[in-house]
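Engineer: Dumping the structure here so I can ask a few things about it.
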Amino acid sequence: RHDALKKGVEILMEKMMVLMIVTLVGIALAAWFDYKVRRIPNWLTVSLIAFGFICNGYEFGLAGLKLSFFGLFLGMLFLYFPFTCGGVGAGDVKLLGALGSLLGPISVFQIFLASAVFGGIFSLMAMVKAKAVRNTCYGVFNRALCLMTTRKALSEGALTGQKIIGIPYAWAIACGTLFVLFVLKGG
């Protein structure tokens, strides 16, 4: 009986390893594309979403499909507001949704929080490098004030006429994912 349980755990760990490898390859490709062309291709995010549904559905049945669906929904929901305000791109929204499909709602929430921290660090580094901390803070303040008073988001650079400094947010998502998988979960 103990050997059967041990064998079952080993099989589950092997199948989870496939999910982990696909996740790591997916975030590496997304980060590379976002850095090189500032876009995350739909074929990549849709493939990751499909793989998450297939793998979790195969392993856990209807419960796995529900896990993938709620992970996808929450992942996309977390970045919906930043997307509507121009803070992240649609590929970033789909990437976080894909990670939710693969890893489930609890992990995608942790990845979202960790990615926000890494995104903040990367953004601060980009502002300091471009010597644009003051102008960026001014623009953020004015965009937030406009959003609160008029309920409409300003377009990028509308107030200052200056180019907005952006980061490839897939890097922040990739770092957040690595942090959650290898530090928080000890993967």
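Engineer: Within segment 92-110, can you find the residues that are assigned to a helix (DSSP H, G or I) and over 9 Å from the mean Cα position of the chain (by Cα)?
Structural biologist: In the first step, residues of segment 92-110 are kept if they are assigned to a helix (DSSP H, G or I); the result is 92-103, 105-110.
Of everything in segment 92-110, those that are assigned to a helix (DSSP H, G or I) and over 9 Å from the mean Cα position of the chain (by Cα) turn out to be S101, L102, L103, P105, I106, S107, F109, Q110.
Engineer: Determine whether segment 147-169 contains at least one residue that is buried (at least 17 other Cβ atoms within 10 Å of the Cβ) and at pLDDT 90 or above.
Structural biologist: Taking segment 147-169 first, the residues buried (at least 17 other Cβ atoms within 10 Å of the Cβ) are 154, 167-169.
Then keep just the ones that are at pLDDT 90 or above; that gives 168-169.
The answer is yes, given that some residue of segment 147-169 is buried (at least 17 other Cβ atoms within 10 Å of the Cβ) and at pLDDT 90 or above.
Engineer: Which residues, taken from segment 55-89, are closer than 26 Å to L145 by Cβ and in a helix (DSSP H, G or I)?
Structural biologist: First pass over segment 55-89, keeping only residues closer than 26 Å to L145 by Cβ: 77-89.
Answer for segment 55-89, where residues must be closer than 26 Å to L145 by Cβ and in a helix (DSSP H, G or I): L77, F78, L79, Y80, F81, P82, F83, T84.
Engineer: Let me ask another. Going by what's in this entry, would L113 be described as at pLDDT 75 or above, closer than 30 Å to G71 by Cα and open to solvent by 60 Å² or more (accessible area, probe 1.4 Å)?
Structural biologist: yes
Engineer: Which one of the conditions (1) surrounded by 16 or more Cβ atoms within 10 Å (Cβ to Cβ); (2) among the charged types (D, E, K, R); (3) out of contact with any helix residue (DSSP H, G or I) (no Cβ under 6 Å at 6 or more places or on another chain) does K66 fail to meet, given that it meets all the rest?
Structural biologist: (1)
Engineer: While we're here: When you go through L19, L48, L44 one by one, which is the residue that is touching a Cys at 6+ places or on another chain (Cβ under 6 Å), assigned to a helix (DSSP H, G or I) and within 20 Å of S115 (Cβ to Cβ)? Outline the logic, then answer.
Structural biologist: Numbers: L48 fails: touching a Cys at 6+ places or on another chain (Cβ under 6 Å); L44 fails: touching a Cys at 6+ places or on another chain (Cβ under 6 Å).
So the residue among L19, L48, L44 that is touching a Cys at 6+ places or on another chain (Cβ under 6 Å), assigned to a helix (DSSP H, G or I) and within 20 Å of S115 (Cβ to Cβ) is L19.
The values are calculated or read from the model by the stated rules, or taken from the named source; none is laboratory data. Bear in mind the structure is a predicted one, so any value in this text is a computation, not a measurement. So basically every Cβ, Gly included, is an ideal-geometry build from the backbone, and we count neighbours across all protein chains shown. Note: areas computed on protein heavy atoms with side chains; ligands, DNA, RNA excluded. Shrake-Rupley method; radii C 1.70, N 1.55, O 1.52, S 1.80 Å.
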